[in-house]
Amino acid sequence: MSYHWNWHIFFEPDPTGSTTYLDLLLQGLLLTIETALCAWVIALVFGSIIGVLRTLPSKTASWIGFCYVEFFRNMPLLVQLFLWFFVLPELLPPAAGLWLKQLPHASFYTAAIGVGLFMSARVAEQLRAGIGSLPRGQKQAATALGLTTAQAYAYVLLPMAFRIILPPLTSEFLSTIKNTSVAITIGLVELTGQARSMQEFSFQVFEAFTAATLLYLLLNLVVVTGMRLLERAVAIPGYIAGR
Amino acid sequence: MFSNFDLDVIRRALPYLFYEGMTFTLTLTALAAFGGLAFGTLLALMRLSGLKPLARVAGLYVDLMRSLPLVLVIFWFYFLVPYIGQWLTDAARPIHVGAFASSLITFIMFEAAYFSEIMRAGIQSISNGQPAAAQALGLTYSQTMRYVVLPQAFRNMLPVLLTQTIVLFQDTSLVYVLSISDFLGAASKVAQRDGRLVEMYLFAALVYFTISCVASFGVRRLQARIAVVR
């Protein structure tokens, strides 16, 4: 191979001279984490609402949930980000559109909301499957106790369903972290973006991508370990996962 | 809000969008799906082979690919493939690899990890009696896999494999980061040339949405039809 390896590149100053490449990568990692966490909160909130809607007895509610999920699932994430970033400001009244365009950190907000809504459709599907997997008796017993539908969901169905779907939710969270890298296309310089710009400035392609790869693996490991602990802490007694 | 919406921009761009862009996207999707499925099946067989080193290598590969974002993998292969080509052909300098070949290799390698997990589940869902009966008939390992296990695994997993292909179809839009003229890339080039972002991106969204919707509807129909009654 005619490639010149230079692993010291990480400690060399970046083009602005104010910091090192390693520092830039770590800043990228931080931005990835921040974006992913914001997106995950949005995904959980909207995903829970839509997931519940899809399991309600009301035909209208479950139809709304169905349309929502199909809407966000059948378009590539990249296209959705473009719609939020480039198209939405043009469709709003001029004043609101201008405000959106001039918003500082617009790519961060767009990424968090765009990835969040994209993932919320998948969270909704997981939650629907989780609620659907509960024995019918749970809902019936809740009704027999005189709980309203809202109470049945809040005290019986959701606490069970969320604990059952914790493992798939872990992989959805990992997808959220990975999907934030798509925001590189709207100018968010997260971990992949920093690795890419390091490659452009320093020409050390493989060092930059190796570092980004290792940081992503590390992030994955932390999330998986954390979720394992959480799973063990909230496992339902009497189920295979519990003891 | 839609007062200066210009449908004519879309109409004029249609030949370019579909002949160049959509052809690229669909060819890439189809070839990557077949390549990914072939390589993925191989990975699944390695993982289930019972040979520790083989299983370890395949497992590590799958885990690695699945923990990296596709955008990063696209960049990796875009820069790595010329060097691998140089190494393979003993050339003096990194060889030139076209945009299509580079993205095809990327998607085959990346999707193989996901297809392999599906195939692993498919193979594991087949009852022990099947390979045992095949062995009793005197079939070799490769015959057992080719004639008994894999056909059933494919059939059982067909809906999941197709759903993954729809995801792949949507994911191919990410070659945008290499400024390739796939469907979205073509739409974006017209959008920027004519200053018509709203029209072009809405149209691209509509096309992706329609194709994915129709395809997933088809998969659901197929799932109902081919379900084996047990």
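Quick notes
- Sum of side-chain charges, A:Thr20 neighbourhood, beta-carbon under 12 Å (Lys, Arg +1; Asp, Glu -1): -3
- In chain B, the calculated helix contribution to ellipticity at 222 nm averages -25000 deg cm²/dmol per residue, counting -39,500 (n - 2.57) for every DSSP H run with n ≥ 4.
- Projected onto its three principal axes, the C-alpha set of chain A covers 71, 54, 30 Å, listed from the longest axis down.
- The modelled label-to-label distance between A:Ala141 and B:Leu26, using points 7 Å beyond Cα along the C-beta direction, is 5.4 nm.
- Inter-label distance, B:Leu139 to A:Tyr239: 3.8 nm, where each label sits 7 Å from its Cα along the C-beta direction.
- Three-way shape call for the protein assembly as shown based on the alpha-carbon gyration tensor, with the a/c threshold at 1.5: rounded
- Degrees separating the helix B:150-171 axis from the principal Cα axis of chain B, which is the longest one: 20
- Scalar couplings 3J(HN,Hα) for segment B:198-208, obtained by applying the Karplus form with A = 6.51, B = -1.76, C = 1.60 to θ = phi - 60°, are 4, 4, 5, 5, 5, 5, 4, 4, 4, 5, 4 Hz; x denotes Gly and Pro.
- Here B:Leu14 and B:Phe100 are evaluated by their C-beta separation; at R0 = 25 Å the FRET efficiency comes out at 0.70.
- Separation between Cα centres of segment B:182-230 and segment A:144-171, rounded to whole Å: 34
- Stretch gain in nm, segment A:Trp5-A:Leu230, where the contour uses 0.36 nm per residue and the Cα spacing is subtracted: 76.9 nm
- Amide H contacts of A:Thr20 (H built 1.01 Å from N, in plane; Pro and chain starts excluded): A:Asp14 sit under 5 Å, all sequence-distant by 5 or more or on other chains.
- Sorting A:Tyr3, B:Tyr19, B:Tyr78 by the number of Cβ atoms found within 10 Å of their own Cβ, with the fewest placed first, yields B:Tyr19, A:Tyr3, B:Tyr78.
- Rounded Å value of the spacing that divides the Cα centres of segment B:1-66 and segment A:82-105: 32
- Helix axis angle, B:52-67 relative to chain B longest principal axis, alpha carbon, degrees: 20
- Two-site FRET efficiency, B:Ala215 against B:Leu7, from Cβ-Cβ distance with R₀ of 22 Å, rounded to 0.05: 0.30
- Of A:Ala124, A:Gly193, A:Trp99, farthest towards positive along the dipole that unit charges on Lys, Arg, Asp, Glu beta carbons give segment A:18-234: A:Ala124
- FRET efficiency for the pair B:Ala132 and B:Arg56, taken as 1/(1 + (r/R0)^6) with r the Cβ-Cβ distance and R0 = 25 Å, rounds to 0.45.
- Farthest positive-ward along segment B:7-226 dipole, Cα basis, beta-carbon charges - from B:Met145, B:Ala191, B:Ile10: B:Met145
- Kyte-Doolittle mean at least 0.0, axial Cα span of 27 Å or more - DSSP H helices of chain A: A:21-55, A:106-132, A:205-234
Bear in mind that the values in this text are calculations on the coordinates, not laboratory data. Since the structure is predicted, the reported quantities are computational estimates derived from the model, not experimental observations. Every residue, glycine as well, gets a Cβ built from its backbone with ideal geometry; the counts of neighbours run over all protein chains shown.
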